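Shown next, in structure tokens, is the structure this report addresses.
Here, each number is a calculation from the coordinates, and none is a lab measurement. Quick caveat, the model's predicted, so the values are computed rather than measured. Heads up, the Cβs are rebuilt from the backbone with ideal geometry, glycines too, and the neighbour counts pull from every protein chain shown.
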Amino acid sequence: MKTLIFLFGVMISFQVDAEIFKCKDSTNKISYQNNPCSTTTLGKVRKDADVSEDDRLRAQERIDVVFERERQRNAAEERERAARQDKAKKFQLEKEAKVNEDKKIKFLERQAIAAEQGAVAAKEAAVSANQARIAAEQTRNQQLRCRPDHAGGLICN
């Protein structure tokens, strides 16, 4: 077990001392790798031990600026996404309200049509009843056939 830990420590130390190569391929894409470049080598990246404290602070400040810009961009994207979601919810609610309003209007139209049809049917029934009453009165008058007499009365058959 101690041997494995020792070997692991040795392997890590080799990785720490490894140089980083800045490479450029045929498409002018820049990459960083542990091994020497197979195409164009632009240079070697300095090891941490070779960097002065001022350079480290400047690098950290640049990194902080980049991270802050990224954080602000992510926050702006999140606000935009939330605004789009709110707008979509509002649109959906308006759409549902319009559908409900249309259903209500159609229901009220059907009620009005039914009431109008009921009123027409009632008028037709009243007209039919009046016509029946007139017809019955005419029939009764024809059956009686009354004529005035000399004394001012009626003589009926």
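Take the Cβ atoms of Asp149 and Lys123, set R0 to 30 Å, and the FRET efficiency comes out at 0.10. Summing Lys and Arg as +1 and Asp and Glu as -1 over all other residues whose Cβ lies under 14 Å from the Cβ of Asn74 gives a net charge of 0. Counting 0.36 nm for each residue step from Leu108 to Lys90 and taking away their Cα separation leaves a gain of 3.8 nm. Placing pseudo-labels 7 Å out from each Cα toward the beta carbon at Asp55 and Thr27 gives an inter-label distance of 3.1 nm.
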